[in-house]
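First the structure, in the form of structure tokens, and then the observations on it.
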Amino acid sequence: MSIRAIIRRYRERPLGQSLVEFALILPVFLVIVSTAVDLGRIAYARVTIANVAREASFQAAQTPTAYQAGQPCDPADTDANLVICRAILESSGSVVTVTPADIALSCDPACASGLGNTVTVTATGRFNLLTPVMAVFFGGTTITFTSSSTNQISTLPPLTPVAATAVPPTDTPAPSTTATAEPTATPLPDCSGVSAGFSFTKTPSSNKSPVTVTVTDTTIWNPACTTVWAWDWGDGITTYGRIQAPHVYYNAGPTNKTFIITLAVTSGVFYDTAGGYAILVKP
């Protein structure tokens, strides 16, 4: 059959036949498209729930006791439930549904600062398929994802206090009838009153990246004690010193990120931490 004959035959096909063929192909095409979309959403859901567990675990490593099982995040008192607050914030706006009851925390062997003490956060989320096509493979249109993340509880090594050295007495030239007084030991300073604390300001007020945070130390300590300030900025950076330069946070998107600032102060052999403050950074 020549090419002209094929073209002529194609042109002579009735419109009704074309519509019927289109109607037969359209459902198949829509099923293929919806399945491809669901596969992409499933991959995104798995990444999201892994991020939820990881972010909550990072927070728990700093504040392992700031966790109230099954309780919602109270905007008026976020310090009491920082772990769940951070998990819910990470899942907000995603395709995965995470509730406070879906966040579980456990410590091994204890939820306290110390080498070897770890904290594990397990996050569970639910994801709904757009179409029932993939339900055959997952046993329903609702899929449950679970992810766990473990971190070492934040621990700083204690500082060894430097003992005060008494000045030896000066030898008295002989002969001398004046008795030389025995040197008295200088008592060590009391460092137990250390109380870590700080305030901060941030710009811009819209929280749009980049966000600059300036901290002001309000720690109470004995100046006679050897004291170390350790600032954990929540983005993998830790700096030392009472006075800090402004810190800049970046977020390349696509979702909001929260960074927790934590201050740990060691004075002599005494250690204290300030409650973590959450810094929201939008794309």
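The values are calculated or read from the model by the stated rules, or taken from the named source; none is laboratory data. It should be emphasised that the depicted structure is a prediction, and the values quoted were computed from it without experimental measurement. A quick note on method: Cβ atoms are made from the backbone with ideal geometry, for glycine too, and the neighbour counts reach across all protein chains shown. The protein model used for the area step is the full one, side chains on, heavy atoms only, and it has no ligands, DNA or RNA in it. Shrake-Rupley method; radii C 1.70, N 1.55, O 1.52, S 1.80 Å.
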* Structure fact -> Two pseudo-spin positions, 7 Å from Cα along C-beta at Ser195 and at Ser92, lie apart in nanometres by 3.2 nm
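Ranked from highest to lowest mean number of other Cβ atoms within 10 Å per residue, what is the order of the peptides 215-221, 50-56?
Numbers: 215-221: 16.1, 50-56: 23.6.
With the highest mean Cβ count within 10 Å placed first, the list reads 50-56, 215-221.
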* Grab the beta carbon distance between Ala245 and Thr99, set R0 = 45 Å, and tell me the FRET efficiency rounded to 0.05. => 0.70
* Structure fact -> In nm, the gap between the two label points placed 7 Å beyond Cα toward Cβ at Ser205 and Gln68 is 3.0 nm
* Structure fact -> Per the rule of 0.36 nm per residue minus the C-alpha distance, extending Leu280 to Thr141 adds in nm 46.7 nm
* Asked: How many percent of the accessible area of the range 193-282 is carbon or sulfur, using a 1.4 Å probe?
  -> 59 percent
* **Arg4 versus Ser148: modelled label distance in nm, points set 7 Å from Cα along the beta carbon direction** => 7.7 nm
